[in-house]
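One structure is given below, encoded as structure tokens.
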Amino acid sequence: MSEVLVLVDHVDGAVRKPTLELLTLAKRLGAPAAVFIGASPDDAVAQLKKYGAEKVYVVDDAETKGYLVAPKAEVLAQLVEKTSPAAVLVVSTAEGKEIAGRLAIKTGSGLITDAVEIDDDGTTTQSVFAGSYTVKAKVTTGTPIITVKPNSATPQEGEGKGEVEQFAATISDSAKKAKIVASQPRKSSGRPELTEAAIVVSGGRGTGGDFEPIEGFADSLGAAVGASRAAVDSGWIPHAFQIGQTGKTVSPQLYVANGISGAIQHRAGMQTSKTIVAVNKDDEAPIFELVDFGVVGDLKTVLPAATEEITKRKG
Amino acid sequence: MNIVVCVKYVPDATADRTFESDHTVDRQGVPGLLSELDEYAVEQALQLKEKREGEDVEITALCVGPASAEEAVRKALQMGADKGVLVADDAIAGSDAVGTSAVLAGAVQHIGGVDVIMCGMASTDGAMSVVPAMLAERLDLPQVTLASKVESQGDQFRIQRDGDTSTEVIGATAPLVLSVTDQSGEARYPSFKGIMAAKKKPLETWSLSDIGVDAGDLGLSAAWSEVADTEARPPRSQGEIVTDEDGSGAEALVGFLASKKFI
Ligand SMILES: Cc1cc2nc3c(=O)[nH]c(=O)nc-3n(C[C@H](O)[C@H](O)[C@H](O)COP(=O)(O)OP(=O)(O)OC[C@H]3O[C@@H](n4cnc5c(N)ncnc54)[C@H](O)[C@@H]3O)c2cc1C
Ligand SMILES: Cc1cc2nc3c(=O)[nH]c(=O)nc-3n(C[C@H](O)[C@H](O)[C@H](O)COP(=O)(O)OP(=O)(O)OC[C@H]3O[C@@H](n4cnc5c(N)ncnc54)[C@H](O)[C@@H]3O)c2cc1C
């Protein structure tokens with residue numbers, strides 16, 4: 001059975017959840033082979049194995065660290081050359097998509113981005129035009145290179161062989177032309193990661209700049225906090241929390257939009273959520289066209305009251 | 001300094017976008033325009049030029065698209081770009097990202113002596129966010145992409161990139177490929193003067209043979225990926241909407257969440 005290369009998305013060795021989702025999807029196409037670029041792979045290897053990696057290629061990052069994207073694409077290209085995989089799967093982050101784009105050119109392969117599903121025969125499903133269309137597509141030339149959106153599959157445990165193979169890649173000088181001069185890790189809010197969360201509670205211009213009701217409600221549900229661009233542009237919350245076309249795409253079990261009108265660019269980032277709820281004081285707000293449940297009311301009174309009730313119920 | 005800004009012509013995102021029977025984007029039924037996110041690229045190119053007062057800086061707006069895409073190039077000229085190039089050829093229709101990046105790279109090479117290739121963060125239709133990285137790969141140039149801030153001195157560029165888990169400063173030397181996000185600064189509106197001036201600016205249309213790119217590698221039939229099906233998502237069935245009166249809204253909301261086992 002051919003290998004399916006899965007590029008591991010991790011922070012200092014801690015594997016992020018979307019990679020486990022990719023391993024689950026990879027099993028449909030062949031034998032999942034994780035590609036770990038970094039130092040201290042031990043914990044990662046154990047976890048990758050637990051979620052079905054038959055093989056883990058460990059690539060020392062001494063030569064890739066400190067540069068943007070290009071060296072990682074070279075590593076993958078060399079592994080594609082070596083293993084002739086059935087496909088290469090990468091998480092649809094900004095970095096992941098750029099790596100995939102370069103890899104497609106390097107290997108003469110077709111590329112599909114932002115897949116939300118992959119069938120056994122390699123047919124992908126994409127959700128396009130702000131979630132208003134579903135597209136089925138397939139790579140027809142070269143090695144299928146597919147980037148997959150977080151939350152597209154439920155990670156399934158299933159022990160793989162987890163055979164570790166050190167891989168020594170050669171990184172060209174030209175891949176080192178864009179240097180990372182400084183890097184500042186983002187402070188953790190202590191809440192779940194936005195793109196991985198099962199529940200997302202977001203606030204827009206209707207918060208008037210006070211995110212306390214949003215955060216309180218989110219915490220009562222164990223949710224991540226998100227925002228519309230209007231809230232970000234007003235400087236109320238950092239851009240990292242923005243949901244939509246030019247922010248993050250989320251696809252949680254539950255999305256609660258508060259004081260958000262539901263512009264097409266916002267929908268682009270949340271329309272595929274399983275259950276959608278909105279609180280808005282305008283009963284004609286377009287967001288209500290999307291909801292499973294809506295409350296026409298002031299978020300400043302509705303949310304604190306709901307938070308109190310939930311906290312009470314949870315005891 | 002020679003700057004090329006890549007501008008895409010896209011169907012208006014606020015209209016009802018659809019696909020043709022061959023699964024390519026319907027460009028007839030929906031008004032087209034300059035992809036809004038590429039306005040930020042034009043803006044940053046203009047700011048680069050303004051900061052380099054006294055230097056010879058020329059901005060070329062480059063678009064790959066149908067004849068009607070001239071409108072997008074024209075808008076860039078109205079905003080302040082110096083000249084425009086549209087690569088239009090029936091053979092390009094239906095190209096995937098791999099093909100589109102080949103045409104853009106060919107055009108950049110044909111223009112020659114380009115120092116900065118400026119792109120948007122994503123198109124508003126395909127929204128893949130891969131073309132700038134593909135251009136860097138094809139032209140063997142450094143990529144400094146998804147900039148929320150751009151600084152430069154001579155041929156040295158530094159950008160801020162707000163990544164998924166960290167904020168990074170990336171440095172590289174021109175010639176390079178740059179892309180900017182919508183956090184890089186509001187794009188200007190064309191002024192009346194700009195609109196008038198744009199009428200006299202050069203706008204050329206090139207075919208594939210003009211830039212020496214082989215038509216056989218392009219278009220729908222040569223694409224390296226194939227769309228099998230496009231289907232409108234069924235509208236979400238109208239949910240239950242309640243109006244809050246004296247706390248009834250919160251109660252109903254919690255009731256709904258509990259019924260769905262979120263509590
Ligand atoms: C190229 C481009 C990219 C974009 N990308 C994004 C993106 O990624 N994400 C995004 O979100 N937007 C994006 N936008 C912006 C988008 O078009 C909207 O402007 C934005 O989503 C509006 O945010 P909002 O819903 O918070 O504000 P508004 O549209 O102003 O809506 C505020 C809502 O709050 C309600 N409200 C007010 N007070 C209260 C209250 N006390 N209680 C309850 N409800 C209240 C109002 O009734 C209204 O419906 C983009 C736009 C462009 C052009
Ligand atoms: C809904 C949809 C889904 C698609 N999915 C795929 C897919 O999975 N795989 C695939 O290979 N193709 C796909 N395509 C086709 C692909 O979008 C086009 O080939 C496109 O030209 C390149 O990708 P993009 O528009 O996403 O550009 P992006 O990579 O998002 O564009 C980034 C920047 O590149 C520049 N740029 C991009 N295109 C042009 C242009 N024509 N002229 C000038 N500058 C440009 C602009 O500066 C832009 O801001 C899809 C198209 C649509 C409409």
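Please treat every number below as a calculation from the coordinates, not as lab data. For clarity, every value in this text was computed on a predicted model and none was experimentally measured. Reconstructed Cβ throughout: ideal geometry from the backbone, glycine too, with neighbour counts over all protein chains shown.
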*Mind checking which of B:Thr243, B:Thr24, B:Thr14 has the largest fluctuation in a GNM of chain B, springs on alpha carbons under 10 Å?*
B:Thr243
*With Cβ to Cβ distances under 9 Å as the rule, what net charge do the other residues near A:Lys55 carry (K, R +1; D, E -1)?*
-3
_Degrees between helix B:97-111 axis and first principal axis of chain B (Cα, 0 to 90, nearest 10)_ = 30
_Please rank A:Ile199, A:Ile180, B:Ile59, fewest neighbouring Cβ atoms within 10 Å first, as an exposure proxy._
A:Ile180, A:Ile199, B:Ile59
_Ratio of Rg to Rh over the range A:33-110 (Cα coordinates, Kirkwood Rh, two decimals)_ = 0.95
_the range B:186-263: trypsin sites (Lys or Arg not before Pro) falling in loop per DSSP and having at most 11 other Cβ within 10 Å_ = B:Lys199, B:Lys200, B:Lys261
*With unit charges on the beta carbon (Lys/Arg positive, Asp/Glu negative), name the residue among A:Ala224, A:Gln184, A:Gly235 whose Cα is farthest towards the positive pole of the charge dipole of the range A:176-255.*
A:Gln184
_From the helices alone, meaning DSSP H stretches of at least four residues, give me the mean residue ellipticity at 222 nm for the protein assembly as shown, per-run term -39500 (n - 2.57), in deg cm²/dmol to the nearest 500._
-8000 deg cm²/dmol
*Can you work out ³J(HN,Hα) from phi for every residue in the range A:11-27, in order, using Karplus 6.51 cos²θ - 1.76 cosθ + 1.60 and θ = phi - 60°, giving whole Hz and x for Gly and Pro?*
10, 6, x, 8, 6, 7, 4, x, 5, 5, 5, 5, 4, 4, 5, 4, 4
*asked:* Compute, for the protein assembly as shown, the length of the dipole vector about the Cα centre, with Cβ point charges of +1 (Lys, Arg) and -1 (Asp, Glu) only. Units Debye, rounded to 20.
replied: 600
*Taking square-rooted eigenvalues a ≥ b ≥ c of the alpha carbon gyration tensor, is the range B:2-222 rounded, prolate or oblate, where a/c under 1.5 means rounded and, failing that, a/b exceeding b/c means prolate?*
rounded
*Going by how many other beta carbons lie within 10 Å of each one, how would you line up A:Tyr67, B:Tyr40, fewest first?*
A:Tyr67, B:Tyr40
*Based on DSSP, what percent of beta bridges with both residues in the protein assembly as shown are antiparallel, to the nearest 5?*
35
*What is the sum of charges around B:Gly29, taking Lys and Arg as +1, Asp and Glu as -1, for the other residues whose C-beta is under 13 Å from the C-beta of B:Gly29?*
-2
_Which GluC sites (Glu not before Pro) in the range A:205-307 sit in a loop by DSSP (not H, G, I, E or B) and have at most 11 other Cβ atoms within 10 Å of their own Cβ?_
A:Glu284
*Step through the residues of the range B:221-231 one at a time and calculate ³J(HN,Hα) from phi using the Karplus curve (6.51 cos²θ - 1.76 cosθ + 1.60, θ = phi - 60°), rounding each to whole Hz and writing x for Gly and Pro.*
6, 9, 4, 8, 9, 9, 8, 8, 7, 10, 9
*Measure out, as a whole number of angstrom, how far apart the alpha-carbon centroids of the range A:161-202 and the range A:237-315 sit.*
29
_With θ taken as phi - 60° and the coefficients 6.51, -1.76 and 1.60, list the Karplus ³J(HN,Hα) couplings across the range A:164-180 in order, rounded to whole Hz; mark glycine and proline as x._
8, 10, 6, 10, 9, 8, 9, 9, 6, 5, 5, 6, 9, 7, 10, 9, 7
_Positive-end extreme of charge dipole, the range B:132-263 - chosen from B:Gln238, B:Leu135, B:Ile195 (charges on Cβ)_ = B:Ile195
_Sequence-distant residues sharing a close amide H with B:Lys149 (under 5 Å, placed H)_ = B:Gln160
*Gap separating the Cα centres of the range B:80-124 and the range B:218-234, nearest whole Å*: 21
_Rounding to the nearest 10 and keeping the result within 0 to 90°, find how far the Cα-based axis of helix B:248-259 lies from the longest principal axis of chain B._
90
*asked:* With a 10 Å cut-off between alpha carbons and a GNM built on chain B, which of B:Pro190, B:Pro132, B:Pro234 moves the most?
replied: B:Pro234
_Within a Gaussian network of chain B (alpha carbon springs, distance under 10 Å), most fluctuating of B:Val213, B:Val227, B:Val131_ = B:Val227
*Which cross-chain or sequence-distant (5 or more) residues have an amide H under 5 Å from the amide H of A:Ala178, H modelled 1.01 Å from N in plane?*
A:Leu68, B:Gln143
*Size of charge dipole - chain A - debye, nearest 20, with Cβ of Lys, Arg +1 and Asp, Glu -1, no other charges*: 340
*Is the shape of the range A:151-244 rounded, prolate or oblate, going by the alpha carbon gyration tensor and its root eigenvalues a ≥ b ≥ c, with a/c under 1.5 for rounded and a/b larger than b/c for prolate?*
oblate
*Can you put A:Glu98, B:Glu70 in order, fewest other beta carbons within 10 Å first?*
B:Glu70, A:Glu98
*Tell me which residues come under 5 Å, amide H to amide H, from B:Ser123 once H is placed; ignore anything under 5 positions away on its chain.*
B:Met128, B:Ser129
*Helix A:212-221 vs. chain A, principal-axis angle (Cα, 0 to 90°, nearest 10)*: 60
*asked:* Please state the shape class of the protein assembly as shown: rounded when a/c is under 1.5, otherwise prolate if a/b exceeds b/c and oblate if not, all from the C-alpha gyration tensor.
replied: oblate
_Qualifying GluC sites (Glu not before Pro) in the range A:1-84, DSSP loop, other Cβ atoms within 10 Å at most 12_ = none
